[in-house]
Amino acid sequence: MCGISGHVARSGFPSRVDLVERMTGALRHRGPDAAAVFADPSLALGCTRLAIIDVSGSTQPLRSADNGSADNGSCADGELVLVANAEIYNFAELRAGLRRRGHVFTTDGDCEVILHLYEEHGEHAVDHLRGMFAFALWDRRRGRLTLARDRMGEKPLYYTERPDGLLFASEAKALTAAGVPVELDPDGVADFFHLEYVPEPRSILRDVRKVPAGHVVTVDVEPWRVRSRPYWRLEDVEPIDGSCAELVGEILTGLGPLVTRTEQPLGISLSGGLDSSVVAALAAKFCAAPVRAFSVGYAGRPANDERRNARQLATSLGMPFHEIEIGTARATADLPAVVAAQDDPVADFAGVCYHAVMRAAAEAGVRVMLQGQGADELFWGYPWVRRAVALSEARGKLVFYELDPDFREAERVGPDHFGEAMRDAARTGFESSGARPDIDLTGLITRTYLRENGIAQCDRLAMANSVELRAPFVDHRLVEAVVGTRKIRPDHRDPPKQRLREAAYALLPASIADRPKQSFSPPLRAWHAAFLRAYGDLLPGGELVRRGILTEVAARRLSVADFPDGAGSPFSFKALMLEMWCRHNVARARR
């Protein structure tokens, strides 16, 4: 894993090595093991490295000059330069095929295959990659920079155009370290207050965008042109006439050796529920070294505390077990660190828990963590999404986030709370792309809540602790199997996660596979009250008022607000998180 950054200059401007050095410094948490900068007249690239595969080698940037030459005309004069934040799960298989075709490798790492695939396929190299990645590849001969992001958006990539060219980085905070102003995008702010995050391609910052998942962005220097194209969409998956449970079981078994491939200690975030239990069983089966299990619980052991179940499973699988108890005082003390780590703000109480797990893993010497993220979104784990499908079918039009009480609260109170800067702001709209609400909603929940609240947040909180996070359930081949079979045999009326449970019987005892879902939810009401007591005074007269996002009256009201019945992330909590995010990032930009 790595943090990557760069500046590609327009004709007549020099590349800004100084800015890339600043961005590289701002990304050291993503790669504490090494850092380097490459400079060309038109381009500067930076990279920090967290060494997971080929620990003693595979230093970046990687250059085609290091690859030798092959009969197929591969580059041998440094024409290609690559920085990649990636874990390419199928790199060994790809490398074997490339070697048979005459390619010469100089590292044992996973990222070098990207260079060789580009030599054969250009920007279509991404079609052959399985895993998580965000990379930048400079083709000096063509004067072209290629930016690419994996299909499910596991690895981040931000960019902004300027008069002198284009800056990009793994995290938005690196761009602000290079002088990009901390100016809020009103449309992004509207999204944040409605959804608790900002969906791609927007970010919370004006003029900063995310490379969308499953997209390639090419930047040609002469003449200057920036183009973006999708290379994969969940909704476009071909129908599959087969058993979903059987296919998922086969793919998970094949994934086991790939996602446990590491030269560093491996751990798992274990809740005791179905999703993480399946991943734990895979890890125990395919990882030769001991896998450590980490589980969060809450003071007083409320009903949703799953430590007992998690410990029992870990013991049965021979995993050393670490439990982390989070009380209200600890959650309150940790909140500023969570805000600082999130990069794009995310108003999710569970962020405190994710951060605590990753910090505990790092303190235990674990550098790679597995997680069950994605199964709820793919297998109908959320009741409200199942209701949305039923209502969409009944009404003949798409029903989505309007079922969420926090979304409805923002629709209701936003106009009375927002200031002048939000007068013309517009949140992201959600539209149907076809006649299948179940497919549309699978795509929407995956592109929004899973990608931004789940995947992106957990990536930042893990990498803030220099830990790589892997989520087997978002492997694109598994996603294609679920969606492809769903196109033939709809399953939204089946019991929740039925097809995953059927696949899990081969890995887990029925007593665990059939265990009812429990919410991974902290004591929201108590934490909300404590957070406002500790930090609510930041809102009146704060950054959001100064920038015209909130009125002063609204800020005062929100600083002492109660927790609404049925809420998950109320308007007041979103306001507090955004205020703390602004203060932290303004202070960083001034340093």
Scan of segment 94-110 for residues that are modelled with pLDDT of 95 or more and closer than 24 Å to Ala213 by Cα, ordered by number: Leu94
Reported set for segment 190-208 where residues are in contact with a strand residue (DSSP E or B) (Cβ under 6 Å, 6 or more places away or on another chain) and without any contact (Cβ under 8 Å) to a residue 60 or more places away in the chain is Pro201, Asp207, Val208
Pull up segment 113-141, narrow it to residues that are among the aromatic types (Phe, Trp, Tyr) and within 23 Å of Asp459 (Cα to Cα), then point me to the one that is surrounded by the most Cβ atoms within 10 Å (Cβ to Cβ). Phe135
Top-ranked residue of segment 396-411 - restricted to ones that are of a type in the set (D, E, K, R) and in contact (Cβ under 8 Å) with a residue 12 or more places away in the chain, ranked as farthest from Phe571 (Cα to Cα): Lys397
When Ala284 is run through (1) in contact (Cβ under 8 Å) with a residue 40 or more places away in the chain; (2) crowded, with 19+ Cβ neighbours inside 10 Å, the failure sits at (1)
Can you work out which of the residues in segment 560-569 that are in contact (Cβ under 8 Å) with a residue 40 or more places away in the chain and in contact with a Leu (Cβ under 9 Å, 6 or more places away or on another chain) is surrounded by the most Cβ atoms within 10 Å (Cβ to Cβ)? Ser569
Every residue in segment 36-46 that is surrounded by fewer than 19 Cβ atoms within 10 Å (Cβ to Cβ) and either in contact with a helix residue (DSSP H, G or I) (Cβ under 7 Å, 6 or more places away or on another chain) or within 16 Å of Arg140 (Cα to Cα) (or both), please. Val37, Ala39, Asp40, Pro41
I'd like the full set of residues that are in contact with a strand residue (DSSP E or B) (Cβ under 9 Å, 6 or more places away or on another chain) and either farther than 25 Å from Leu184 by Cα or not in a loop (DSSP other than H, G, I, E, B) (or both), limited to segment 402-440. His417, Phe418, Ala421, Met422
What is the one condition in (1) in the same structural domain as Thr448 (by TED's automatic domain parsing); (2) small (Gly, Ala, Ser); (3) touching a Leu at 6+ places or on another chain (Cβ under 9 Å); (4) farther than 25 Å from Ala51 by Cβ that Ala331 does not satisfy? (3)
Those strands (runs of 3 or more DSSP E) completely within segment 214-328 that have 2 or more residues that are of a type in the set (A, V, I, L, M, F, W, C) are 215-220, 266-269, 292-298, 321-326
Which fully enclosed helices (runs of 4 or more DSSP H) of segment 468-523 have 2 or more residues being closer than 30 Å to Arg49 by Cα? 476-488
Regarding Glu154, is this residue part of a helix (DSSP H, G or I), within 22 Å of Asp236 (Cβ to Cβ) and of a type in the set (Asp, Glu)? no
Go through the residues of segment 507-514 one by one and say whether even a single one is more than 20 Å from Leu252 (Cβ to Cβ) and either assigned by TED's automatic domain parsing to the domain that holds Tyr354 or out of contact with any strand residue (DSSP E or B) (no Cβ under 9 Å at 6 or more places or on another chain) (or both). no
Tally the residues that are surrounded by 24 or more Cβ atoms within 10 Å (Cβ to Cβ) and more than 23 Å from Phe400 (Cα to Cα), restricting the search to segment 447-466. 6
Considering only residues that are assigned to a loop (DSSP other than H, G, I, E, B), in contact with a Pro (Cβ under 9 Å, 6 or more places away or on another chain) and surrounded by fewer than 21 Cβ atoms within 10 Å (Cβ to Cβ), which ones fall in segment 375-396? Gly381, Tyr382
Determine if segment 245-263 includes at least one residue that is small (Gly, Ala, Ser) and at positive phi. no
Please count how many residues of segment 263-296 are among the small types (Gly, Ala, Ser), within 18 Å of Leu461 (Cα to Cα) and more than 20 Å from the chain's Cα centre (by Cα). 2
Among the residues that make up segment 320-330, is at least one of them buried (at least 21 other Cβ atoms within 10 Å of the Cβ) and either closer than 30 Å to Val208 by Cβ or out of contact with any strand residue (DSSP E or B) (no Cβ under 8 Å at 6 or more places or on another chain) (or both)? no
Select, from Ala341, Ala361, Ala337, the only residue that is small (Gly, Ala, Ser), more than 15 Å from the chain's Cα centre (by Cα), surrounded by 22 or more Cβ atoms within 10 Å (Cβ to Cβ) and part of a helix (DSSP H, G or I). Ala361
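The values are calculated or read from the model by the stated rules, or taken from the named source; none is laboratory data. Note that the structure is predicted; figures quoted are calculated from it, not measured. Don't worry about glycine lacking a Cβ; one is built from the backbone with ideal geometry, like all the others, and counts go over all protein chains shown.
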